[in-house]
1. Want the number for Glu50 to Ser28: 0.36 nm per residue separation, take away the alpha-carbon distance, what's left?
2. Too long at a 32 Å Cα-Cα cut-off: which of Lys2/Lys33; Lys48/Lys77; Lys2/Lys48; Lys16/Lys62; Lys48/Lys81?
3. Report the net charge of residues surrounding Lys48, where surrounding means a beta-carbon distance below 9 angstrom and charges are Lys +1, Arg +1, Asp -1, Glu -1.
4. Take each of the peptides 3-9, 70-76, 42-48, 18-24, average the number of other beta-carbon atoms within 10 Å over its residues, and list them starting from the highest.
5. Taking a ≥ b ≥ c as the square roots of the Cα gyration tensor eigenvalues, with a/c under 1.5 meaning rounded and otherwise prolate when a/b beats b/c, else oblate, which class fits segment 1-60?
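Just so it is clear, none of the values below were taken in a lab; they were calculated from the coordinates. This is a predicted model, so every value here is computed, not measured. No Cβ is skipped: glycine too gets one built from the backbone with ideal geometry, and neighbour counts run over all protein chains shown.
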Amino acid sequence: MKQGIHPANYRLVVFKDMSNGSSFLSRSAVATKETIKWEDGNEYPLIKLEISNTSHPFFTGKNVLVDTAGRIDKFNKKYAKK
């Protein structure tokens, strides 16, 4: 990696998909105050995701999309045929 262009706080972080509960460990510089104990026994910062590759219809092959904010219903109501 080129020196001096990457953030100084680049560290291991757990990303958790809140729609299905799956988690994965990756590196990130995102700031968070929450932590979680990972499978290896260490504690890592936690980032909560609304959707990830384990729940997104493109990756799962299913047409079901988890709608936590009601955006789909709002769109359907707005553009429904009258």
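1. Roughly 6.2 nm would be gained on extension.
2. Lys48/Lys81
3. -2
4. 42-48, 18-24, 70-76, 3-9
5. oblate
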